[in-house]
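Every number in this text was worked out from the coordinates using simple rules, so none of it is lab data. Treat the numbers as computed from the prediction; the structure is a model and nothing was measured. Positions of Cβ are generated from backbone atoms using ideal geometry, with glycine treated the same way; all protein chains shown enter the neighbour counts.
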Amino acid sequence: MRVVIAGGGVIGCSIAWHVQKAGGEAILLERGEIAGEASGAAAGMLIAPMDDTGNRAFNVLRRASLDLFPALIEEIEEASGIDVEYKVPGMIRTARSQKAARKLRKAAEKRPELEWVEPALLRELEPSLTHDIVGATYSEGDADLNPRRFANALAVAAERAGADVRRRTMFTGVMKDGRRIDGVATNTGPISDIDAIVLAAGPWTEALTMRLGARLPSPAMRGQMIAYRSKSVRHAIWGEDGYLVPKPRGYVWVGATVEDVGFRKKTTERGLASLRRMAGDIVPRLRQAKVVSSWAGLRPGSPDGMPVIGRFPGKKNVFLATGHFRNGVLLAPITGALVADLVLNGHTDRRLSPFSPQRFGR
Ligand SMILES: Cc1cc2nc3c(=O)[nH]c(=O)nc-3n(C[C@H](O)[C@H](O)[C@H](O)COP(=O)(O)OP(=O)(O)OC[C@H]3O[C@@H](n4cnc5c(N)ncnc54)[C@H](O)[C@@H]3O)c2cc1C
């Protein structure tokens with residue numbers, strides 16, 4: 001079965017790998033470079049939901065995806081030869097107000113993986129932290145990776161398994177034989193005799209759906225980040241207004257803003273200043289550290305903040321995988337596996353209706 005996937009972010013790359021591995025023929029189209037958009041801008045944190053507030057099906061999906069990482073990483077690192085810099089530094093969630101501390105303590109009572117940490121122990125665990133912290137939890141299993149390397153490892157692993165990965169190739173439309181879509185148009189020429197199409201173009205998916213006669217809103221949600229040259233932070237730290245993640249070779253990444261400003265992928269003085277302020281408030285030593293880079297990415301949103309995974313309304317062989325918003329890296333393994341199942345076998349063993357595009361009407 002020949003499956004065209006439009007979009008070479010972490011979602012499209014994971015779908016390509018899973019389709020190829022399951023015996024399909026994946027053709028991955030990326031108009032620029034693999035992970036050149038949000039997937040290359042992400043922090044790469046892999047964190048399960050802290051509590052059970054929010055949509056249950058979504059929480060279950062995130063936990064299930066998290067469990068897939070160790071085996072998937074072993075598989076794609078071997079197949080691609082790319083080290084995705086997966087590590088498990090553990091995460092400290094901090095509260096600087098009594099209200100936030102109460103919430104953390106409640107979560108720690110419910111979830112065995114979250115350990116409540118008394119202030120004296122907290123200093124030992126993470127000496128860089130400000131003394132203003134009134135409550136904290138520690139979870140030793142929280143992991144992170146380099147999202148750009150992860151997406152590239154998926155793409156290269158798929159390619160080495162026989163997938164056709166076309167970089168700098170833009171999906172521009174579909175070709176039909178009667179009512180059935182059997183080909184796609186690209187800026188480098190048509191691709192015919194295809195069996196299915198998956199639209200996984202991040203926030204650009206909305207424009208692609210309009211070419212197919214429906215409109216699925218996938219708003220771009222800007223996120224800005226900065227990187228310090230510093231070895232002062234040992235663990236990932238989650239604060240009330242953002243997070244800090246230690247990265248290999250002596251960096252600390254700090255993120256992220258969440259801004260609904262359309263497709264304006266630029267950093268702003270205001271956004272960067274807010275990140276520097278937040279980082280310095282949590283780890284005062286960073287006030288003296290050097291910011292060595294800053295960047296922004298456009299997360300793919302959705303009308304209800306949950307991913308959109310499923311069949312395109314009214315089209316038998318077109319599928320959607322977008323709207324992963326702040327969880328696209330975390331959800332890449334399960335999205336790839338589910339979409340490959342749906343496209344190749346017509347069904348999945350997990351209920352997809354909470355994520356179906358049909359929930360927004362036809
Ligand atoms: C600052 C920041 C921090 C983040 N941190 C985390 C985190 O710690 N953990 C986490 O899980 N998630 C995080 N995210 C969210 C995560 O990055 C996204 O959810 C995820 O990258 C979405 O992946 P995607 O493949 O759907 O979209 P994208 O990465 O946007 O990929 C879509 C691709 O489609 C391509 N494309 C568009 N139109 C076409 C076309 N017509 N033809 C061919 N190709 C096309 C684009 O060039 C792009 O490469 C973060 C995001 C940001 C911005």
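Side notes on the structure shown:
- Gaussian network model of the chain, springs between alpha carbon atoms under 10 Å - residue of 146, 327, 187 with greatest fluctuation: 187
- The long axis of helix 10-21 is offset from the longest Cα principal axis of the chain by roughly 50 degrees.
- Other-chain or far-sequence residues with amide H under 5 Å of residue 134's (modelled H): 95, 96, 97
- Fewest-first ranking of 166, 179, using other Cβ atoms within 10 Å as the exposure measure: 179, 166
- Shown is the FRET efficiency for residue 249 and residue 172, computed with R0 = 30 Å from the Cβ-Cβ distance and rounded to the nearest 0.05: 0.15.
- The chain, helix-only ellipticity at 222 nm - DSSP H runs n ≥ 4, -39,500 (n - 2.57), divided by all residues, nearest 500: -10000 deg cm²/dmol
- In the chain, the longest principal axis of the Cα atoms and the axis of helix 328-345 are about 20 degrees apart.
- Relative packing of 114-124, 43-53, which averages over residues the other C-beta atoms within 10 Å, highest first: 43-53, 114-124
- Test item: Cα-centred dipole of the chain, Lys/Arg +1 and Asp/Glu -1 on Cβ, debye: 1160
- Per-peptide packing, taken as the mean over residues of other Cβ atoms within 10 Å, places 255-266, 150-161, 312-323 in the sequence 150-161, 312-323, 255-266 from highest down.
- Within the chain, percent of DSSP bridges classed antiparallel, to nearest 5: 70
- Ordered by the count of other Cβ atoms within 10 Å of each Cβ, fewest first, 353, 65 give 353, 65.
- Relative contact order, whole percent, for the chain stands at 24, derived from Cα pairs under 8 Å and 6 or more residues apart.
- Computed label-point distance, nm, for sites residue 287 and residue 116 using a 7 Å Cα→Cβ extension: 3.1
- The angle separating the long axis of helix 269-282 from the principal Cα axis of greatest extent in the chain is about 50 degrees.
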